[in-house]
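Colleague: Right, I'll just put the structure down here and ask away after.
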Amino acid sequence: MKSIVVPFDPGTPPAPLRRFGHPEVMERWHTVDRSAHAPHLVAVPGDDGEDWTAAALVTARPHTAYLKIVDAVGDVPAAVAVVVTHARRRELAQVKWEGWTARPEDAAAAGFVSMRLPLAQSEGAAGPAAGYVRRLHDGVVAANPRTTGRPRTSRAAPSPPWSRRRTRECCPGRRSTAGRS
């Protein structure tokens, strides 16, 4: 499937994007400053090559191996498919999809699984009600059975068993400080 990739400039959106007419989506796209996360549009060109049949706003934090779909308009399944193809071309590990307008069944049909909600958000922060992830390797990714549906506990991780032993073996006479506060 062909795609068009252009930088996202909130001040001057491309003409084909304005034709979708989703004011609430466009407002959401312009509300947050995403300039530090390399925002760009990944679009599906129409038959004439001028218009778009779908588009997704995509971001990527610096030095990470994933793309994040902020939102998609038009033919959403086609938009998600070209984003996944775009991520594969860049040899990335995964694509995340914010759940602003994504329904769970649409995400599942596109090969995404549900992510856990953040444990905490800053006061007054507004975020999507859900999020999804698709890992870019062969096969279907199932939800992690160790974390799905269970509350997260905050336990201190024990010191690795080799930390004290290694100090004794390599440096006789020296005391290990591992595990001390």
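Residue by residue, here is whether (1) surrounded by 15 or more Cβ atoms within 10 Å (Cβ to Cβ); (2) basic (Lys, Arg); (3) touching a residue at least 40 places away in the same chain (Cβ under 8 Å) holds:
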| residue | (1), (2), (3) |
| --- | --- |
| 5 | no, no, yes |
| 12 | no, no, no |
| 27 | no, no, no |
| 72 | yes, no, no |
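Colleague: Here's something else I'd like to know. Based on this model, can you work out whether residue 81 counts as aliphatic (A, V, I, L, M) and open to solvent by less than 30 Å² (accessible area, probe 1.4 Å)?
Modeller: no
Colleague: Right, another one. Of the conditions (1) among the acidic types (Asp, Glu); (2) open to solvent by less than 60 Å² (accessible area, probe 1.4 Å); (3) assigned to a loop (DSSP other than H, G, I, E, B), residue 47 fails just one. Which one is it?
Modeller: (2)
Colleague: Output the residues belonging to the stretch 51-69 that are of a type in the set (D, E, K, R) and either closer than 15 Å to residue 100 by Cβ or at pLDDT below 80 (or both).
Modeller: As a first pass, look at the stretch 51-69 and keep what is of a type in the set (D, E, K, R): 51, 61, 68.
Selection gives 68 alone.
Colleague: Go through the stretch 60-87 and give me each residue that's under 18 Å from residue 29 (Cα atoms) and of a type outside the set (D, E, K, R).
Modeller: Initial filter on the stretch 60-87 (under 18 Å from residue 29 (Cα atoms)): 60-61, 67-76, 79-80, 83.
If the condition is that a residue be under 18 Å from residue 29 (Cα atoms) and of a type outside the set (D, E, K, R), then 60, 67, 69, 70, 72, 73, 74, 76, 79, 80, 83 are the ones that fit.
Colleague: Looking at (1) on the phi < 0 side of the Ramachandran plot; (2) at pLDDT 90 or above; (3) of a type outside the set (Lys, Arg), can you tell me which one residue 74 breaks?
Modeller: The single condition residue 74 does not satisfy is (1).
Colleague: With the checklist (1) modelled with pLDDT of 70 or more; (2) loosely packed, with under 14 Cβ neighbours inside 10 Å; (3) not β-branched (Val, Ile, Thr) in hand, flag the one item residue 92 doesn't pass.
Modeller: Among (1) modelled with pLDDT of 70 or more; (2) loosely packed, with under 14 Cβ neighbours inside 10 Å; (3) not β-branched (Val, Ile, Thr), residue 92 violates only (2).
Colleague: Looking only at the stretch 29-44, which residues are over 19 Å from residue 85 (Cα atoms) and either at pLDDT 90 or above or surrounded by 10 or more Cβ atoms within 10 Å (Cβ to Cβ) (or both)?
Modeller: At the first step, the residues of the stretch 29-44 found to be over 19 Å from residue 85 (Cα atoms) are 29-37.
The answer is 29, 30, 31, 32, 34, 35, 37.
Colleague: Listed residues 19, 61, 103; which is without any contact (Cβ under 8 Å) to a residue 60 or more places away in the chain, closer than 18 Å to residue 136 by Cβ and surrounded by fewer than 14 Cβ atoms within 10 Å (Cβ to Cβ)? Can you show your working first?
Modeller: Details: 19 fails: closer than 18 Å to residue 136 by Cβ; 103 fails: closer than 18 Å to residue 136 by Cβ.
Among 19, 61, 103, only 61 is without any contact (Cβ under 8 Å) to a residue 60 or more places away in the chain, closer than 18 Å to residue 136 by Cβ and surrounded by fewer than 14 Cβ atoms within 10 Å (Cβ to Cβ).
The values are calculated or read from the model by the stated rules, or taken from the named source; none is laboratory data. Not measured: the values here are computed from a predicted model. Here Cβ is always computed from backbone atoms with ideal geometry, including for glycine, and neighbour counts include all displayed protein chains. The area values use the complete protein model at the heavy-atom level, side chains included, leaving out ligands, DNA and RNA. Shrake-Rupley method; radii C 1.70, N 1.55, O 1.52, S 1.80 Å.
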